[in-house]
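To start, the structure under review is shown below, and the notes come after it.
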Amino acid sequence: MREITFVEKISDFSKTLDIDIVSRFVAFEEISSTNFKAKELALKNEEHGTIVISQVQKKGRGRFERTWESPEGGLYFSIILKPKIETLKATLLPLIGALSVCNTISSIADLYVKIKWPNDVLINGKKVCGILLESESEKNNLKYVILGIGINLNTDMSILSPDIKLISTSISNEIGIKLNYFDFLNKLLINLDKYYKMFVEEKFESIIKEWKNNSDTIGKKVVIDTSTEKISGTAIDVDESGFLIVKTDVGEIKKITSGDCIYLDKKE
Ligand code: BTN
């Protein structure tokens with residue numbers, strides 16, 4: 001008998017789901033990038049809650065035009081969201097994604113799981129998940145948001161490039177066993193649904209409070225590369241929009257909207 005394909009498994013899985021945030025799945029065995037495909041669909045007015053998911057990505061994309069290595073074993077999906085909110089509020093969506101992943105991992109294994117600002121999820125200090133948000137606005141309102149989530153779930157770390165291996169891990173690598181892909185996805189979508197509802201209900205303070213409880217960054221010495229400048233100092237807080245507050249070495253308080261966060265004291 002032939003083996004059931006990934007696309008067929010997603011189709012079966014979707015029939016068992018009853019989660020408000022999910023409307024339908026568009027699944028692939030292999031694709032260039034789920035974010036890219038989701039954007040293509042969103043431009044054709046695809047509905048809110050559509051999830052583009054792929055077993056493998058050939059051109060997975062990360063923040064700052066980096067590559068997201070996406071071999072079999074990982075979880076790669078992009079959800080199209082159409083919240084009726086002003087553009088400025090979208091900055092919280094990737095933090096919601098990170099919080100959902102962080103809580104999902106913590107609920108299944110006793111691991112040291114933390115979030116590095118703005119939305120990297122780390123296990124024992126190594127990156128296990130990255131999030132890429134892309135959006136389109138009209139006037140001051142969001143038309144759509146693509147929330148792309150990549151997780152090294154059962155990824156065989158030995159096949160990743162040396163520089164990635166050095167700073168990353170997979171969940172299976174940390175716990176020593178492979179996880180059920182669909183159980184994990186189910187739990188993650190339940191969490192995403194929960195935090196998205198809080199977001200729509202404008203419970204921003206509660207979201208940030210939970211984010212801070214899981215923060216790996218607050219209190220650390222950092223350099224933030226915003227692409228126009230490098231700001232170094234101590235990360236002291238995250239505000240209601242998810243912006244990082246840094247106290248510079250000369251005591252100046254800076255609010256950082258986005259950037260690449262580098263830790264200065266690696267042993268912390
Ligand atoms: C980062 O940390 O740089 C963000 C990585 C985001 C990777 C995910 S995998 C699913 C979606 N499709 C992509 O091409 N990228 C995101």
Could you list, in sequence order, all residues of segment 93-117 that are under 25 Å from Thr226 (Cα atoms) and open to solvent by 10 Å² or more (accessible area, probe 1.4 Å)? Pro94, Lys114, Lys116
Among what's in segment 185-209 and is of a type in the set (A, V, I, L, M, F, W, C) and closer than 17 Å to Gly49 by Cα, pick the residue that is surrounded by the most Cβ atoms within 10 Å (Cβ to Cβ). Leu192
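Let me confirm something: among Ile177, Ile245, which residue is hydrophobic (A, V, I, L, M, F, W, C), assigned by TED's automatic domain parsing to the domain that holds Leu81, open to solvent by 20 Å² or more (accessible area, probe 1.4 Å) and free of Cβ contacts under 8 Å to residues at least 24 places away in the same chain? Even if it seems obvious, please write down each step before you answer.
On the way: Ile245 fails: assigned by TED's automatic domain parsing to the domain that holds Leu81.
Of Ile177, Ile245, the one residue that is hydrophobic (A, V, I, L, M, F, W, C), assigned by TED's automatic domain parsing to the domain that holds Leu81, open to solvent by 20 Å² or more (accessible area, probe 1.4 Å) and free of Cβ contacts under 8 Å to residues at least 24 places away in the same chain is Ile177.
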Give the residue, chosen from Arg66, Arg24, Arg61, that is assigned by TED's automatic domain parsing to the domain that holds Glu201, more than 18 Å from the chain's Cα centre (by Cα) and of a type in the set (D, E, K, R). Arg24
Strands (runs of 3 or more DSSP E) within segment 1-118 that include 2 or more residues within 15 Å of the ligand (Cβ to nearest atom) and over 30 Å from Asp237 (Cβ atoms): 24-31, 50-57, 75-81
Within segment 217-238, does at least one residue satisfy the condition of being hydroxyl-bearing (Ser, Thr, Tyr), farther than 23 Å from Ala90 by Cα and not in a helix (DSSP H, G or I)? yes
Do we find that Asn141 is touching a Ser or Thr at 6+ places or on another chain (Cβ under 9 Å), open to solvent by 10 Å² or more (accessible area, probe 1.4 Å) and not hydroxyl-bearing (Ser, Thr, Tyr) in this structure? yes
Filter segment 121-161 for residues that are acidic (Asp, Glu), in a strand (DSSP E or B) and in contact (Cβ under 8 Å) with a residue 24 or more places away in the chain; the one that is farthest from the ligand (Cβ to nearest atom) is Glu136
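The values are calculated or read from the model by the stated rules, or taken from the named source; none is laboratory data. What you see is a predicted model, and the numbers here were worked out from it, not measured in a lab. All Cβ positions, glycine included, derive from the backbone under ideal geometry; neighbour counts span all protein chains shown. Ligands, DNA and RNA are stripped out before the accessible areas are found, and what is left, the full protein with its side chains, is counted by its heavy atoms. Shrake-Rupley method; radii C 1.70, N 1.55, O 1.52, S 1.80 Å.
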